[in-house]
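Q: Structure below; questions to follow.
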Amino acid sequence: MGIRYTGPYAQQVDDHEGHAARKLADGTVSAGWTEETSSLQGFVASCSCGWRGDGEHPATEAGREGAEGQWSTEHLGPLIEAARATWDSWPEELVGLARYVRDRVQAQDAAEALRVLDQMVADVDYRRRTVTLLAAQQEPPA
Ligand SMILES: [Zn+2]
């Protein structure tokens, strides 16, 4: 029932599902859906990871959308930004790992070299998926 981001960095922000949590008259905030609406006080932006937005939105449809918008702007946005920022240090990390693999091979520690190579392959594969999605977004409209 929550909102999930499905863009290019979806894999990195996989465990975040946004909700307009319901704040009840007694002050409790319920992330789950209940039929009971009589004591609904308002909506609070919240996430499946435990994040909660500051403030409260009115107990209306617009308020619900406001809470979801707050989740997207204040929580999801920075997560996507952080995922995007991992590109900055990526080339140096990859070079560092490649040097380590070379050293392990030269030291005849093939098992360790293989373990790190597998990590590198998984990382490159994962970034390839992200870039594939970015390429699809950047295609000119047909
Ligand atoms: Zn979250």
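Q: Is it the case that the stretch 105-112 has a residue that's of a type outside the set (A, V, I, L, M, F, W, C), open to solvent by 90 Å² or more (accessible area, probe 1.4 Å) and over 18 Å from the mean Cα position of the chain (by Cα)? Steps first, answer last, please.
A: So in the stretch 105-112, the residues of a type outside the set (A, V, I, L, M, F, W, C) come out as 106, 108-109, 112.
Adding the requirement that they be open to solvent by 90 Å² or more (accessible area, probe 1.4 Å) leaves 106, 108.
Restricting the remaining residues to those that are over 18 Å from the mean Cα position of the chain (by Cα) gives 106, 108.
Checked against the condition, which is being of a type outside the set (A, V, I, L, M, F, W, C), open to solvent by 90 Å² or more (accessible area, probe 1.4 Å) and over 18 Å from the mean Cα position of the chain (by Cα), the stretch 105-112 yields at least one hit.
Q: Can we say Ala82 is out of contact with any strand residue (DSSP E or B) (no Cβ under 7 Å at 6 or more places or on another chain), open to solvent by less than 50 Å² (accessible area, probe 1.4 Å) and within 22 Å of Asp123 (Cβ to Cβ)?
A: Working: out of contact with any strand residue (DSSP E or B) (no Cβ under 7 Å at 6 or more places or on another chain): yes; open to solvent by less than 50 Å² (accessible area, probe 1.4 Å): no; within 22 Å of Asp123 (Cβ to Cβ): yes.
So Ala82 does not fit the description; no.
Q: Just to be sure before I move on: is Glu74 open to solvent by 50 Å² or more (accessible area, probe 1.4 Å), at pLDDT below 95 and among the charged types (D, E, K, R) in the structure I sent?
A: Details: open to solvent by 50 Å² or more (accessible area, probe 1.4 Å): yes; at pLDDT below 95: no; among the charged types (D, E, K, R): yes.
It is false that Glu74 is open to solvent by 50 Å² or more (accessible area, probe 1.4 Å), at pLDDT below 95 and among the charged types (D, E, K, R).
Q: Please verify whether the stretch 46-68 includes one or more residues that are within 16 Å of the ligand (Cβ to nearest atom) and open to solvent by 100 Å² or more (accessible area, probe 1.4 Å).
A: Initially, the stretch 46-68 is screened for residues within 16 Å of the ligand (Cβ to nearest atom), giving 46-54, 67-68.
This time we only want the ones that are open to solvent by 100 Å² or more (accessible area, probe 1.4 Å), so: 52, 54.
Within the stretch 46-68, one or more residues are within 16 Å of the ligand (Cβ to nearest atom) and open to solvent by 100 Å² or more (accessible area, probe 1.4 Å).
The values are calculated or read from the model by the stated rules, or taken from the named source; none is laboratory data. These figures come from a predicted structure and were not determined experimentally. Cβ: placed from backbone, ideal geometry, glycine included. Neighbour counts: every protein chain shown. The area values use the complete protein model at the heavy-atom level, side chains included, leaving out ligands, DNA and RNA. Shrake-Rupley method; radii C 1.70, N 1.55, O 1.52, S 1.80 Å.
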